[in-house]
Structures are given as C-alpha cells and as structure tokens.
1. Could you tell me how many of the residues in region 153-210 are outside any loop (DSSP other than H, G, I, E, B) and at pLDDT 60 or above?
2. State which residue is farthest from residue 206 (Cα to Cα) when the search covers only region 221-257 and only residues that are without any contact (Cβ under 8 Å) to a residue 12 or more places away in the chain and assigned to a helix (DSSP H, G or I).
3. So, in region 289-310, of the ones that are hydrophobic (A, V, I, L, M, F, W, C) and closer than 22 Å to residue 226 by Cβ, which residue ends up surrounded by the most Cβ atoms within 10 Å (Cβ to Cβ)?
4. In region 242-263, which residue that is of a type in the set (S, T, N, Q) and buried (at least 17 other Cβ atoms within 10 Å of the Cβ) is farthest from residue 210 (Cα to Cα)?
5. Name every residue in region 97-144 that is touching a residue at least 60 places away in the same chain (Cβ under 8 Å), of a type outside the set (Gly, Ala, Ser) and assigned to a helix (DSSP H, G or I), in order of residue number.
6. Determine whether residue 2 is at pLDDT below 90 and within 27 Å of residue 169 (Cβ to Cβ).
7. Go through region 100-133 and report how many residues are within 30 Å of residue 291 (Cβ to Cβ) and charged (D, E, K, R).
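The values are calculated or read from the model by the stated rules, or taken from the named source; none is laboratory data. Remember, predicted model here, so these are calculated numbers, not experimental data. A quick note on method: Cβ atoms are made from the backbone with ideal geometry, for glycine too, and the neighbour counts reach across all protein chains shown.
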Amino acid sequence: MAFQHLIDAVVGASVSKKWLAARCEWEVIACEDIGACEADCICGHENIRYAFTIRNMFNGNILEPIGSKCIQQFESDEMNMERDNLKREYKLAQRAVSDSRMISFRNREDKRLFSRKYFRSLKVKGVLTMEQYEFMRDMFNARTMTHKQYEKHAYIMRSRIYPYLIEVARQQSERKGLDMPKLKKSWKDIEETSGGGFADIEPGAYVLVITKVEPHEGQEFARVYWDVADGPSKGNYAQSQYPPSDVLSWKETAQGMLKRKLHRLADWNQGFQPTVAFDNDQWGQFVGKRFGAVVRRRLYNAGPGSKTPGAERTAIEVAAWLAPDEYEGGTWSKALLKDRDQRDRDVASASVEHAVPAPPTMDAAILYDEDVPF
C-alpha cells in the first residue's frame with residue numbers, strides 16, 4: 001500500500017505516466033536530519049529520520065519528504081549513491097558550523113564522515129580538481145600521512161571543502177527558514193572573561209609560523225614571535241597584543257642551539273637558507289617560515305612593573321624545536337610537556353625570566369635552547 005502511494009505521487013508529478021519510465025526522471029537534491037521531529041514520507045511511512053528531496057529533471061517538480069527506503073524503490077544506483085552522499089554532506093555541513101575544530105583525517109570521527117564516493121561527488125560538482133580528488137582519495141585510503149601530505153590535505157580542507165560545506169549549511173538553514181547561528185558554541189560552553197586576553201593553546205606538538213622578528217644586536221639575540229600555522233588552533237594569536245615568542249641567541253654559549261634551530265627552519269622550509277639570511281641580517285626572510293615545536297606552560301610571578309607584582313601568571317612557551325620526522329613520528333620526549341614552574345622566585349629575576357627561557361631540566365636540555373641571551 002505504501003509503495004502504491006509512492007508510485008501515485010511520483011507518476012502524478014512526472015512527464016511519463018508509467019512508473020518504469022517516470023522513476024527515471026528524478027534526482028535526489030537535498031537531505032535533512034529530522035531527528036526528534038515528526039515527519040512522514042509521502043508514501044505514508046511515519047517518523048522518518050532522514051528526509052530527502054527529489055526533483056524531476058524534465059519539468060522541475062519537487063517531491064518531499066522522501067524516506068531512505070523509498071529512494072531504493074526507484075532502483076537507481078545513481079539515486080542511491082546521491083542519497084548516501086547527501087546524507088554524509090548533511091552531517092559534514094553540520095559538523096563544520098557547530099565545531100570550531102578544522103575537519104581533519106587525523107580525527108577518526110571526522111574521517112568516518114567521508115567516503116571515496118563522496119570525494120568523487122565533490123569532483124563532479126567542481127569543488128575539487130582531478131588532482132585534488134585523487135590526492136584526497138589516496139589520503140583517505142592511507143593509514144598515515146607524512147608531514148607534507150598532511151599540510152596539503154589540510155590546505156585542501158581549508159580552501160576547498162570547508163567553504164563548500166559552510167555554503168551547504170547556509171542553504172540547509174534557508175530551507176528550514178532559519179538564520180545561520182552567530183556562535184558555534186552554546187552560551188553554556190563559553191567561559192566568561194574580562195576581555196583583552198586570548199586563550200593559550202594546550203601543551204603539545206604544533207607546526208608554528210614566524211610572524212615577526214625583533215633583533216637586539218647589542219644583546220646578541222633576536223626575539224621570534226610565532227603563531228599556530230595549521231590545524232584547529234591556526235591563527236590563535238593573530239589578534240593578540242602579546243603573542244608568544246622564542247629567541248635566536250648568538251651568544252657563544254648558545255651558538256650550538258642556534259645552529260640547531262636554523263637547521264630546523266631549513267628542514268621545514270624547502271629552498272630557504274636561514275644561515276645566509278642570519279649572516280646578512282635579513283630578518284624579514286624569517287617571517288612566514290614554519291617550524292615544528294613542542295610547547296608547554298610556564299608558571300611565574302608577575303614582575304615589579306606589572307599592576308599586580310608577584311601575582312601568579314601562566315604563559316605558553318616553546319620547549320623544543322622539532323625536525324619534521326620528530327613531529328610526524330611523535331618521537332620527542334613527553335617530559336617536554338611538563339609545566340616549567342618559576343613561581344616564588346625573586347621578583348626582579350622573574351621579570352627578566354618572563355622575557356626569555358631559563359636553564360633546562362631533565363632531557364629538555366637536549367632539544368631546547370635554554371641559554372638566556374642576556
């Protein structure tokens with residue numbers, strides 16, 4: 001009986017008045033997750049979860065809502081594939097607007113939202129070029145990615161797929177008669193602050209990018225300001241008045257570590273010659289260059305020049321510069337993540353320590369430039 005209701009509705013809206021011919025006139029164009037809302041398929045089936053919209057390719061007529069099982073009744077491989085792709089696309093679009101984290105294959109839950117057929121549909125729609133489609137398909141099939149492959153995959157996600165999903169979400173909202181939400185979080189998930197501050201990233205391994213370099217020739221060091229280059233925390237400090245920084249010190253006792261850092265910059269930035277740029281004081285060439293690093297928290301007391309001298313503060317700092325293979329393989333020492341506690345030290349000393357790294361502890365000395373440039 002339900003199948004006959006479907007036949008009557010489809011034939012009535014088709015050019016052909018025979019079911020076998022009429023069913024070939026339709027395509028699936030939209031999907032919506034009804035969730036707890038009650039919706040009935042045009043066949044009469046009650047409380048369907050996913051409601052699809054189909055369109056007649058000859059006269060433009062629209063039929064909705066159509067349940068997943070009724071799509072199967074058209075016996076069309078193409079309609080079944082588009083049904084599955086649109087269902088995935090709906091979930092991906094909702095994920096894109098409801099979570100601030102960038103979608104990534106390194107997140108298993110994110111990866112499960114994709115399929116090889118869905119990537120093929122993105123190619124057909126012109127979202128991906130043939131080369132991008134083949135690359136993302138291969139990365140979807142791969143168990144691991146090299147650093148370069150991850151960077152390329154993240155770029156395609158950010159520049160091609162993400163904007164497309166945001167537009168899909170906008171269209172979904174329009175169909176529902178809703179506005180796109182201004183916030184990606186609910187109010188209960190937002191922590192109240194006094195303003196002016198930026199939440200620091202969590203300790204861990206990141207790809208960072210140099211945003212500014214301030215040389216201090218008389219003191220034989222240059223301050224290197226950085227931000228997160230990619231991933232969910234990309235650009236975390238873009239608007240901060242006090243972005244985090246590290247130092248390149250050329251004091252005699254620090255030159256070995258300086259060489260290591262310059263070597264890491266060369267490893268991460270093909271064609272860049274950091275030693276040449278350093279020798280010629282071409283600090284501008286360092287801006288925009290990437291490097292891998294482990295970052296940790298530093299606990300300290302505010303200096304005498306602050307509004308609250310001696311108050312306990314927390315900052316984020318670089319604990320180690322990593323080679324690409326160390327970053328990708330996770331072969332760096334997890335002891336580097338331990339907070340560096342400088343609280344209850346001499347206030348005058350603390351104000352100086354706030355600006356530069358302090359002596360190393362444990363195996364951090366192997367990787368981290370701990371030579372104070374002053």
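1. Looking only at region 153-210, we keep the residues that are outside any loop (DSSP other than H, G, I, E, B), and these are 153-176, 187-189, 204-210.
Going one step further and asking which of them are at pLDDT 60 or above, we end up with 153-176, 204-210.
Here the count works out to 31.
2. Among them, the one singled out is 252.
3. 291
4. Taking the candidates together, the pick is 249.
5. Of everything in region 97-144, just one residue is touching a residue at least 60 places away in the same chain (Cβ under 8 Å), of a type outside the set (Gly, Ala, Ser) and assigned to a helix (DSSP H, G or I), namely 97.
6. Details: at pLDDT below 90: yes; within 27 Å of residue 169 (Cβ to Cβ): no.
Spelling it out, it is not the case that residue 2 is at pLDDT below 90 and within 27 Å of residue 169 (Cβ to Cβ).
7. Residues flagged as within 30 Å of residue 291 (Cβ to Cβ) and charged (D, E, K, R) within region 100-133 amount to 7.
Residues checked against (1) without any contact (Cβ under 8 Å) to a residue 40 or more places away in the chain; (2) surrounded by 14 or more Cβ atoms within 10 Å (Cβ to Cβ); (3) on the phi > 0 side of the Ramachandran plot:
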{"position": "39", "(1), (2), (3)": "yes, yes, no"}
{"position": "48", "(1), (2), (3)": "yes, yes, no"}
{"position": "51", "(1), (2), (3)": "yes, yes, no"}
{"position": "56", "(1), (2), (3)": "no, yes, no"}
{"position": "65", "(1), (2), (3)": "yes, yes, no"}
{"position": "77", "(1), (2), (3)": "yes, no, no"}
{"position": "84", "(1), (2), (3)": "yes, yes, no"}
